Every structure is written in structure tokens, then in C-alpha cells.
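First the structure, in the form of C-alpha cells, and then the observations on it.
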Amino acid sequence: MSKQGHPRGLYLLFVTEMAERFSYYGMRAVFTLYMVSALFTMESASEIYGYYTGLVYFTPLLGGYVADRYWGNRRSIIVGGLLMALGQFLLFLSASFVQPSIQTEGGTINPAIDNQLSIVFLMGGLFFLILGNGFFKPNIATMVGSLYRPDDKMKDSAFTIFYMGVNVGATLGPLVCGIFEGDYLNPTRFQWAFLCASIVMLLSILLFSALKNKYIVTYDGIQVGTKPFRQVQVEKHQLTAKEKQHIAVIFIIALFVIFFWAAYEQAGVSLTYFADQQTDRNIFGWEMPTSYFQSFPAIFVVLLAPVMSMLWELLRRWGCEPSSPMKQAIGLALLSLGYLFIAFGVKDVSDGTKVSMMWLTGLYFIHTLGELSLSPIGLSMVSRLSPGHLAGLMMGIWFLSSAFSNILAGQLAVLYPDGSPKLLLGFIPITSLHDFFMVFVFMSGIAAILLALLTPLLNRMMKDA
Ligand code: GLN
């Protein structure tokens, strides 16, 4: 145990996850910008972004299952990490071979036609990133839970610390990879961003492999994640009625969480277009790279996580701490509020006008409060509610909701006003930025209300967990 009382293994998992998220968010910060600079139109790039980020969260279901049954957590993490390093490397090759776009006389930028090779490398890279994340993501989170006794009260704070690791990585990734932001004249420059993401991923896996045996052990010194659960548990385990109820709670909440991430993940796509085209990024004469905006939520998480923990602690002492499902509903409500804030900011803004950064910054600040109310609490809740032999799979189910969200995010981003007519659900016209942002106000607001109404029932179902 370290001085603070958390097992040292938590910090190794913290650093490993931090480096992996560096690579994930570093790549993601420049991904859409790279695609639109040379390969695809904005609409196609939005859809590819949605499918990529969606599938990235779909494969954890597979990775969780494989770890529970065959590989154990450790091997899954190492294989996953190596696959992701390879994926980023293929993106590096994609950008190395890319040809600049062609600007027509009318000023329109058209992707160059001879970029097939880059597209093939891009798709190959995305494939390995998707597969690799599936093995990595659920297993690292499950291992955090396994370092503690099932009833250990420190689990919530362990997940909050771990979540800070996620976000230190998510802050640094875009800041470092964003240095290599190219544009339609020089798309090759993006290659260095992808190479950087690949190297950091590889280093993280080397570190994890070197230190795992020493630090990834339970409170009583047993190695964690070396074997699949099936070999640890001798009897075949039948689910009890209580366990079935707990699993049902995970499913119900995961369903609502879809609407959270679908709105939140606009960060990498429509909000990036907004930052690029409609936000004044000039700070005392320095033009901030567009991709830097994607660090904002992560910076806010690192700053606000301790504040939120203190707030929950204070509310607990006063006897009015919201239950976990209610915290998820609050998270959704804050997301809706963030979009309301920006919708107000752009209300009378015409196309091409640039607004102050204050709007996007304020939105990210409010969204982060929502994220902290929902995401680490969700991880801890899944760890607490999952029957041991299904821990990886259940984590996979939790991330599955992010898969649907991200696909939905890409579809919704297509509604971003770009001059062509847009219809929500085939009949609601979206004619301005204000309309576009209001879609998210309603989507997450309605989900928040419904979840809050269901909370008493969910609390009853979660008893004894
Ligand atoms: N931002 C968090 C991460 O990258 C949560 C993502 C999610 O659950 N969709 O791990």
C-alpha cells in the first residue's frame, strides 16, 4: 500500500491508461481535420468519425469476454496496446503518402483524387485501433476494481483517481499531437501527430509489461488478471435473482448514457468544425490551433475532479448525497445546460461570423461537471454491481453504450449547418447553429428527466450491492 492507502497498482494502471488515452485523444484531435484536409468532404468525415469512435467502444464487449474466459486481463491489455500502436503507425503511413487537396478557382477545396493509398492505410489503421481498444479498455478498468476488496469504500475514490489519469492523457494528447496540425496545403504534417500517438502507446505497454508483476496485486498479495476468471472460480456459477437485478440496472443506465455521450462526443466533430470556422481563436495575437479545444474538457476534469469529490463528500455528511443513478441523471441535465448556453451565444450570429471563445469554453466547463457526475461514478457502479465472473463482459456492456453514442454522434453531426438543407428525423429543418445546438438541449434534457423519474426504482434494485 502507498501512504495514501491506495494500492500502488492503481498508479501503474493510472499511468498505463494515461498514455493510452494520450494516444487515443491525440489522434482524435487531429483526425477529422486530417480527413477534411485531404481525403473526404465534411459530411463523410463526420460519418467516418462516428463509425470509428463507435466501433472503438463496441469491441470492448469482445475484449471483456475474451479476458473473462480465455486470456485474463493482463494479456488482453498487452495485445490490445500493441494492436493500437500498430494502428497509429498505419495512420502515420497514411499521412506520409497523402497528396495535398486541390483548390478550385471558386475557392472550394476538393480532396485530391490520387489519395487511395492513404485511404487504405487509414482504414487499416482504424481497424487495428478498433480491435486493440476492445482488448485494452474494459480490462484496465476491471483491474482497478480487482485491486480492492469487493466492499472496499475506497473504490469510488479509486475510480476518480483513475479517471484523472484518463484525463491527464486526454489533456496532453491533443496539446502535443495538435502541434503537428496540418491543413489542406500541407496534410503530410499530420503524420507526426500519428507517429507520436503510436510511440506513446508502445512506451505505455512496455512500462506495463515491466512493472505488472510487482505492482498489480490484490490487497493480500495475489497477482491480479493473470488468469481468466473461469480458472480462478472452480464451480460454475449460477446467477442469483439479486445478481440478475444488478445486471438489469447496468443495462438500464447504459441505455440512458447513450444520450449523454452522443451529445458530449460532438467535441471531436461538430464542435471542432465550430471551433475551426466560427470561433475566434486569437489570444493576444496567437492563433490557438483548433484541436487544442479538445483538451479543454480533459483539463477541466483534472481541475474539477477533486472539487466534485469534495462536493459529494459534503453532501454525504449532510445526508443528501444523490444515489448513483441520480448522479447519472444530473450528468445528463448538465449536458443539456451546456448546449443551452452555447445555443444562446450563437442565437443571432450569421454564417461566417466568429464568436468569442467564451461560448465553447463555457460549454466544455458545464459538460465536464456533467461528465464527472456520470462517468467515474458509472465505472465504479459497474464494478460494484457486476458478478465477479462477468466483470469484463459487464464493463464491455457499459462501453457498448458509448459505441451507440458515437455512431449517433456522427449521424447528428451531419446536421451541422454547412449551407446544404438539413432535416432532423427526416422532417425537422435545421437551419442555423442555434437549431443545431437545441437538438442536444432537448435530447439530453429529456433523457435526464426520464432517468430521474426511474431513479427510485433503480435504487431499490441496487440494494445490497
Ligand atoms: N472520457 C472517458 C474516457 O476516455 C470516458 C469515455 C466513455 O466512457 N465514453 O475513458
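The values are calculated or read from the model by the stated rules, or taken from the named source; none is laboratory data. Given the structure is predicted, the values throughout are model-derived calculations rather than measurements. Here Cβ is always computed from backbone atoms with ideal geometry, including for glycine, and neighbour counts include all displayed protein chains. Accessible surface is based on the protein model in full, side chains and every heavy atom, while ligands, DNA and RNA are left aside. Shrake-Rupley method; radii C 1.70, N 1.55, O 1.52, S 1.80 Å.
Candidates in segment 1-23 are the residues that are open to solvent by 10 Å² or more (accessible area, probe 1.4 Å) and hydroxyl-bearing (S, T, Y); of these, the one that is nearest to the ligand (Cβ to nearest atom) is Y11.
You will find that of V414, V441, the residue that is open to solvent by 20 Å² or more (accessible area, probe 1.4 Å) and in contact (Cβ under 8 Å) with a residue 40 or more places away in the chain is V414 and no other. Check segment 369-387 and report whether any residue there is over 23 Å from A305 (Cα atoms), surrounded by fewer than 20 Cβ atoms within 10 Å (Cβ to Cβ), more than 14 Å from the ligand (Cβ to nearest atom) and of a type in the set (S, T, N, Q). No; the residues of segment 369-387 include none that is over 23 Å from A305 (Cα atoms), surrounded by fewer than 20 Cβ atoms within 10 Å (Cβ to Cβ), more than 14 Å from the ligand (Cβ to nearest atom) and of a type in the set (S, T, N, Q). Against the definition (modelled with pLDDT under 90 and within 16 Å of the ligand (Cβ to nearest atom)), how does A29 come out, yes or no? Judged against the criteria, A29 is a match. In segment 276-335, the qualifying residues are those that are in a strand (DSSP E or B) and β-branched (V, I, T), and the one that is nearest to the ligand (Cβ to nearest atom) is T279.
Residue by residue, here is whether (1) of a type in the set (K, R); (2) part of a helix (DSSP H, G or I); (3) farther than 30 Å from P376 by Cβ holds:
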position: V120; (1), (2), (3): no, yes, yes
position: F135; (1), (2), (3): no, yes, no
position: G145; (1), (2), (3): no, yes, no
position: P150; (1), (2), (3): no, no, no
position: T171; (1), (2), (3): no, yes, no
position: L195; (1), (2), (3): no, yes, yes
position: V200; (1), (2), (3): no, yes, no
position: L206; (1), (2), (3): no, yes, no
position: S209; (1), (2), (3): no, yes, no
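Taking first residues from segment 202-223 that are under 13 Å from G80 (Cα atoms) and partners that are open to solvent by 70 Å² or more (accessible area, probe 1.4 Å), the Cβ contacts under 7 Å between residues at least 6 apart in sequence or on separate chains come to I205/L82. Just wondering, is there one or more residues in segment 172-182 that are acidic (D, E) and either modelled with pLDDT of 85 or more or open to solvent by 70 Å² or more (accessible area, probe 1.4 Å) (or both)? No; the residues of segment 172-182 include none that is acidic (D, E) and either modelled with pLDDT of 85 or more or open to solvent by 70 Å² or more (accessible area, probe 1.4 Å) (or both). Out of the residues in segment 156-187 that are over 21 Å from the mean Cα position of the chain (by Cα) and more than 18 Å from I199 (Cα to Cα), which is farthest from the ligand (Cβ to nearest atom)? By that ranking, first place goes to L185. The one condition from (1) within 16 Å of the ligand (Cβ to nearest atom); (2) modelled with pLDDT of 95 or more that L206 does not meet is (1). The sole residue among F251, F256, F341 that is over 24 Å from F404 (Cβ atoms) and either in a helix (DSSP H, G or I) or modelled with pLDDT under 90 (or both) is F341.
Considering each residue of segment 427-450 in turn, at least one proves to be touching a Leu at 6+ places or on another chain (Cβ under 7 Å) and of a type in the set (F, W, Y). Checking G338, G362 one by one, the residue that is within 24 Å of the chain's Cα centre (by Cα) and crowded, with 22+ Cβ neighbours inside 10 Å is G338 and no other. Checking the structure you have, find out if any residue of segment 131-149 is out of contact with any helix residue (DSSP H, G or I) (no Cβ under 8 Å at 6 or more places or on another chain) and either surrounded by 23 or more Cβ atoms within 10 Å (Cβ to Cβ) or touching a residue at least 12 places away in the same chain (Cβ under 8 Å) (or both). Among the residues of segment 131-149, at least one is out of contact with any helix residue (DSSP H, G or I) (no Cβ under 8 Å at 6 or more places or on another chain) and either surrounded by 23 or more Cβ atoms within 10 Å (Cβ to Cβ) or touching a residue at least 12 places away in the same chain (Cβ under 8 Å) (or both), which makes the answer yes.
Whenever a residue of segment 294-321 is of a type in the set (D, E, K, R), it has no partner that is within 16 Å of the ligand (Cβ to nearest atom) and open to solvent by 60 Å² or more (accessible area, probe 1.4 Å) lying with C-beta atoms less than 6 angstrom away and at least six residues away or across chains. Of all residues in segment 344-359, those being open to solvent by less than 10 Å² (accessible area, probe 1.4 Å) and in a helix (DSSP H, G or I) number 0.
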